[in-house]
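Trainee: If you scroll down you'll find the structure; I have some questions about it.
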Amino acid sequence: QEVYSLFQAWVEADAESVKDAETAEKFYWGEQWEKDLKDTLENQGRAALTINQIERMVDGLCGEQRQERTDLRYYPLEGGDQRVADILNHVSKHLLENCYYPREESKVFEDIVIAGRGCFNLYVDFKKNIQGEIRVERFPWADVVFGPHEKEDLSDCEGLIKHRMYSRARLKSMFPKLEGEISNI
């Protein structure tokens, strides 16, 4: 109950930012007309003309990000640190390629450019390796609620809540032992 109350409070506090992001995303997809106004124009036999220059500009910027992407690099602070920096460079390159980080980074970059919000999900996957493999994926910005913060980079954010909506059928397949409880929700 405490987590749900916190979630509701943060959803309310973050509502304006989410609304702005949704509006920005509609503009990207060329959906600038409000439904009522568009219906009125169509009923009058008039065209609801949209000249979408935003999509072209965003796509160009995202293409440039993909072309100009660079590898993560570590540099030594002192003379004896060169070997450690080389090892870190090799390990991080291998790790990031294994989890398809460049692709996911580009998806998050596109979310940030379009909606002003972009999120990564970092976790350890134990499906193929008992020791675990580090995974990085884009997490839909609409499924993240940020806690109170003042700074745009969220460095002072009190926390965030990631959430996903699932059907009862999906929940039952994910948690077969809890099927009875899920049916009662």
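The values are calculated or read from the model by the stated rules, or taken from the named source; none is laboratory data. It should be emphasised that the depicted structure is a prediction, and the values quoted were computed from it without experimental measurement. Cβ placement follows ideal geometry from the backbone for every residue including glycine, while neighbour counts extend to all protein chains displayed. Remember, those area values only see protein heavy atoms, side chains included, never the ligands or the DNA or RNA. Shrake-Rupley method; radii C 1.70, N 1.55, O 1.52, S 1.80 Å.
Trainee: Conditions first: (1) more than 18 Å from Ala24 (Cα to Cα); (2) outside any helix (DSSP H, G or I). Val145 passes all but one, so which condition is the exception?
Mentor: Tallying (1) more than 18 Å from Ala24 (Cα to Cα); (2) outside any helix (DSSP H, G or I), Val145 fails exactly one: (1).
Trainee: Would you point out the residue of segment 132-151, among those that are charged (D, E, K, R) and under 15 Å from Trp10 (Cα atoms), that is least open to solvent (accessible area, probe 1.4 Å)?
Mentor: Asp143
Trainee: I've got another one for you. Looking only at segment 106-142, filter to residues that are of a type in the set (Lys, Arg) and not in a loop (DSSP other than H, G, I, E, B); which one of those is nearest to the chain's Cα centre (by Cα)?
Mentor: Checking each candidate, the answer is Arg138.
Trainee: Sticking with this structure for a sec: Say we look at segment 106-125 and pick out the residues that are within 11 Å of Trp141 (Cβ to Cβ) and small (Gly, Ala, Ser); which of these is most open to solvent (accessible area, probe 1.4 Å)?
Mentor: Gly116
Trainee: Further question on the same structure: Is there any pair with a first residue in segment 152-171 that is open to solvent by less than 90 Å² (accessible area, probe 1.4 Å) and a second that is assigned to a loop (DSSP other than H, G, I, E, B) whose Cβ atoms are under 6 Å apart and which are 6 or more apart or on different chains, and what are they?
Mentor: Asp156/His149; Asp156/Glu150; Cys157/Gly147; Cys157/His149; Gly159/Gly147
Trainee: If you go through segment 89-105 one residue at a time, do you hit one that is in contact (Cβ under 8 Å) with a residue 40 or more places away in the chain, closer than 29 Å to Gly63 by Cβ, open to solvent by less than 80 Å² (accessible area, probe 1.4 Å) and within 11 Å of the chain's Cα centre (by Cα)?
Mentor: no
Trainee: Report every pair of residues separated by at least 6 positions or lying on different chains whose Cβ atoms are under 6 Å apart, first residue within segment 60-76 and free of Cβ contacts under 8 Å to residues at least 24 places away in the same chain, second hydroxyl-bearing (Ser, Thr, Tyr) and open to solvent by 90 Å² or more (accessible area, probe 1.4 Å).
Mentor: Partner pairs satisfying both residue conditions: none exist.
Trainee: All but one of (1) out of contact with any strand residue (DSSP E or B) (no Cβ under 6 Å at 6 or more places or on another chain); (2) among the hydrophobic types (A, V, I, L, M, F, W, C); (3) under 23 Å from Leu160 (Cβ atoms) hold for Leu88, so report the exception by its number.
Mentor: (3)
Trainee: Looking at segment 3-21 only, could you name the residues that are surrounded by 13 or more Cβ atoms within 10 Å (Cβ to Cβ) and out of contact with any Gly (no Cβ under 6 Å at 6 or more places or on another chain)?
Mentor: Scanning segment 3-21 gives Leu6, Phe7, Ala9, Val11, Ala13, Asp14, Ser17, Val18, Asp20.
Trainee: Let me ask another. Give me a count of the residues in segment 68-95 that are out of contact with any helix residue (DSSP H, G or I) (no Cβ under 7 Å at 6 or more places or on another chain), within 23 Å of Val124 (Cβ to Cβ) and not small (Gly, Ala, Ser).
Mentor: 8
Trainee: Return the total of residues in segment 1-36 being under 17 Å from the mean Cα position of the chain (by Cα) and outside any helix (DSSP H, G or I). Give the derivation first.
Mentor: Going residue by residue through segment 1-36, those that are under 17 Å from the mean Cα position of the chain (by Cα) are 11, 14-15, 17-26, 28.
From the residues that got through so far, the ones that are outside any helix (DSSP H, G or I) too are none.
Total meeting the criteria: 0.
Trainee: Also: Looking at (1) exposed (fewer than 12 other Cβ atoms within 10 Å of the Cβ); (2) within 27 Å of Gly30 (Cβ to Cβ); (3) modelled with pLDDT of 90 or more, which is the one condition that is false for Ile51?
Mentor: In the conditions (1) exposed (fewer than 12 other Cβ atoms within 10 Å of the Cβ); (2) within 27 Å of Gly30 (Cβ to Cβ); (3) modelled with pLDDT of 90 or more, Ile51 misses (3) alone.
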